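The structure appears below as structure tokens.
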Amino acid sequence: EQIEIIHASPPDYSFLVGQTIKSGEGVTHKLFTEGKAEGEGDEGGEAKEGEGDAEKEISDDPKNLFIEQVVREKKMKFFKVPRLGSYLAVRLSYNSCLSERAVELAIADKIECDHKREEQEAERKAMEEDAENDKNRDKDDDEEVKALEPIKEKDLLVTEEKYAVCIDTMGQDRTLTDEEIKFAIGLVKEYSKTWQQTEENELKKDIQNKIDSAKKDREYLDAELQNIQMDEEKYIEDMLLSRDDIETDEQRDKEAKVYKLEFSSSQLTGLTVEPELDEDEKEADDKKSKDSKPPTANKKDRGKEDAKSKKEKDAKDAKNKKPEKPEPKVVKPVKIDDGEGDEEQKPKRPSTPRLEESISRWRKEILALKSAKVVRFPKIFQSIFYLLGYKREDICEVNTNKLCWKKAKEFINDGFFMNLFRYNPVGPKDSEFKTYQKINFIEKLVADIDIDAVEAYSFTFAKLLSWVKLAIEVRREDVIKRILNTRRLKAEREAAIEQENERQKDRKAFFEEEKLKWDEEMEKQREAELAAKREREKELDNDDEDDDYADYDDDENQKQNEGEGDKHKEGEGDAEGEEDENKFDEAEVYERFDEEKPPIEIP
């Protein structure tokens, strides 16, 4: 066991809050041991040589420990530099009834006793009527009517709560006086009695309030349950009809759960979504509002007045004006996975949640829980807080996963209802989540809670439990769908990559085949040209020309030589053009292949 410091004053001592004293450290643990601690002297006793001042116990009710000089006590634990002074620790213990089990037993016992009292009252009235009608009744019969004993509730289930109230004069170089010590001990003793009695009184109030609330819930549900169910069915059906992308019954069932959760969120929070008007509709609405009011009231139309009239109005109503709550921000578009990949769906018009008084009953019931000192089934609220992203250290006892209702109920406010209303279980989440904020952990929190037992305790808690279980179910189905969709897309991508790799191999083979054909064709063409050239040369060699034409040939050769340069230049250009024509066209080959086998699109 260890002692945790939960409060310290004055402010200079605030560094102590959250510090712990482990078992075996310091002297304060001796308050919680039975009998006198080892080495503890009697009142006014002397310490043994070398052991420092004696530990004194001023009285045994409540148990306490007093050290005159802390710097002489070797076992003393210091969190900063030791200073001269004395130390007093007083045990504060009392029987606490603020536990879930105590509430459960007390409510059951109260209901049973109330039922017995009703039966007893009916029996008493019957006996009195019989006695009045019997003129010959004797005295014994009259005493029998009065002999009915009153029915009392059982004692509350309690557990011992143990604290230590510690006082010191360190830095003052003085010891606590007898009057200060007696005052502190007496004050702690009074605290113990007061706290115990206060808890019992508050718990009895909570129990009575819970029973009264349960009766109202039954009356409300008996009168409105059918209407609520009809409204829910109509809402779900209207939302499904507005969707044109639902093809199968399975998709319809899943989407119906999402809309059921939306309806439940609206019922619990009292919030609804009202689309904001576009500019044209705002102008038409302004004109309609002005036309429906007297001329003198036109400038007071719902925030449409100009700055001057608004200032005049504010000055006029300043005394009677109540502080207004800040308007909630416009709901941001959420990412919704439709099974074909992530797609951000944006509403045509932004929407702003607003409080609807006609459906705010459950909201008021939840807010009323803040007055309760302890509640049953705290894991219901704990799971909702985790699901909405609240941190464990803000709602649980220090270094535990046990909900601290005193801390948690402070978060039940407008922000809590807005977060619950805006919670969207569908689509990927960008935030990082702690282990306790994940679905598997939250599902385990509420897995063993019996819905019938919750309904017997509170319909408000039952509605919250139904909400969180439905939210978990929808979220889990969405996660599974997205995992399967991711696997499918991955498989499709891998198949597409494989197909494209095969196509690239075929493309390369096609290119090489076409290149080989072209090379063979060019080789045949060159051989044909070479053969033709040889044939021409052969004809020239065999041609026997007359000598009469010799001079003529010389003149022709001279002319031919004179024009050789020009012919050579023209030949170069023809050779270059012929070379371009004979060049292999790679782009054209690839283009022909891609037309027959287009590239595979990789998702």
Every pair of residues 6+ apart whose Cβ atoms lie under 8 Å, when the first sits in region 509-523 and is under 15 Å from Glu588 (Cα atoms) while the second is of a type outside the set (Val, Ile, Thr): Phe510/Phe593; Phe511/Glu586; Phe511/Tyr590; Phe511/Phe593; Lys515/Phe584; Trp518/Phe584
Selection count where residues are at pLDDT 90 or above and charged (D, E, K, R), scope region 256-281: 3
Total residues in region 440-456, condition buried (at least 18 other Cβ atoms within 10 Å of the Cβ) and under 19 Å from Leu420 (Cα atoms): 3
In region 166-203, the residues that are over 29 Å from Thr20 (Cβ atoms) and without any contact (Cβ under 8 Å) to a residue 24 or more places away in the chain: Thr177, Asp178, Glu179, Gln197, Asn201
Any hit, region 233-240, residues being under 26 Å from Glu357 (Cβ atoms) and at pLDDT below 85: no
The lone exception for Ile111 - which of (1) modelled with pLDDT of 75 or more; (2) exposed (fewer than 11 other Cβ atoms within 10 Å of the Cβ); (3) not charged (D, E, K, R) it fails: (2)
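Residue by residue, here is whether (1) closer than 27 Å to Arg218 by Cα; (2) over 14 Å from the mean Cα position of the chain (by Cα) holds:
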site: Ser371; (1), (2): yes, yes
site: Phe377; (1), (2): yes, yes
site: Ser383; (1), (2): yes, no
site: Leu420; (1), (2): yes, no
site: Ala453; (1), (2): yes, yes
site: Val468; (1), (2): yes, no
site: Glu477; (1), (2): no, yes
Selection within region 462-485 - surrounded by 13 or more Cβ atoms within 10 Å (Cβ to Cβ) and over 30 Å from Val375 (Cα atoms): Glu477, Asp478, Val479, Lys481, Arg482, Asn485
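Report whether or not Phe459 is crowded, with 16+ Cβ neighbours inside 10 Å, touching a helix residue (DSSP H, G or I) at 6+ places or on another chain (Cβ under 6 Å), within 30 Å of Ile207 (Cα to Cα) and touching a residue at least 60 places away in the same chain (Cβ under 8 Å).
Yes, satisfied.
Residue-by-condition table, conditions (1) open to solvent by 60 Å² or more (accessible area, probe 1.4 Å); (2) of a type in the set (A, V, I, L, M, F, W, C); (3) modelled with pLDDT under 85:
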{"residue": "Glu143", "(1), (2), (3)": "yes, no, yes"}
{"residue": "Glu179", "(1), (2), (3)": "yes, no, no"}
{"residue": "Val188", "(1), (2), (3)": "no, yes, no"}
{"residue": "Ser192", "(1), (2), (3)": "no, no, no"}
{"residue": "Trp195", "(1), (2), (3)": "yes, yes, no"}
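Is region 519-532 home to any residue that is of a type outside the set (Val, Ile, Thr), part of a helix (DSSP H, G or I) and closer than 26 Å to Glu601 by Cβ?
Checking region 519-532: not a single residue is of a type outside the set (Val, Ile, Thr), part of a helix (DSSP H, G or I) and closer than 26 Å to Glu601 by Cβ.
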Boolean, Lys407 is open to solvent by 50 Å² or more (accessible area, probe 1.4 Å), part of a helix (DSSP H, G or I) and basic (Lys, Arg): yes
Residue selected from region 410-424 under the condition out of contact with any Leu (no Cβ under 7 Å at 6 or more places or on another chain) and assigned to a loop (DSSP other than H, G, I, E, B), by the criterion least open to solvent (accessible area, probe 1.4 Å): Asn424
Verdict on Asp130 being at pLDDT below 80 and either under 30 Å from Ile67 (Cβ atoms) or open to solvent by 90 Å² or more (accessible area, probe 1.4 Å) (or both): yes
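Before we move on, is Glu523 modelled with pLDDT under 85, farther than 30 Å from Ala491 by Cβ and open to solvent by less than 100 Å² (accessible area, probe 1.4 Å)?
Answer is no for this residue.
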Condition met for Lys216 (under 17 Å from Glu365 (Cα atoms), open to solvent by 90 Å² or more (accessible area, probe 1.4 Å) and either over 32 Å from the mean Cα position of the chain (by Cα) or free of Cβ contacts under 8 Å to residues at least 60 places away in the same chain (or both)): yes
Selected residue (criterion: surrounded by the fewest Cβ atoms within 10 Å (Cβ to Cβ)) from residues of region 2-37 that are outside any loop (DSSP other than H, G, I, E, B) and among the β-branched types (Val, Ile, Thr): Thr20
Qualifying residue in region 43-59 (condition: modelled with pLDDT of 90 or more and not in a strand (DSSP E or B)): no
Given (1) open to solvent by 70 Å² or more (accessible area, probe 1.4 Å); (2) farther than 26 Å from Glu601 by Cα, index of the condition Gln504 fails: (2)
Elements of type strands (runs of 3 or more DSSP E) contained in region 315-399, each with 2 or more residues being open to solvent by less than 100 Å² (accessible area, probe 1.4 Å), modelled with pLDDT of 80 or more and closer than 30 Å to Lys481 by Cβ: none
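The values are calculated or read from the model by the stated rules, or taken from the named source; none is laboratory data. Computed from a predicted structure; not experimentally measured. Every residue, glycine as well, gets a Cβ built from its backbone with ideal geometry; the counts of neighbours run over all protein chains shown. We work out accessible area using only protein heavy atoms, side chains counted, and drop any ligands, DNA or RNA first. Shrake-Rupley method; radii C 1.70, N 1.55, O 1.52, S 1.80 Å.
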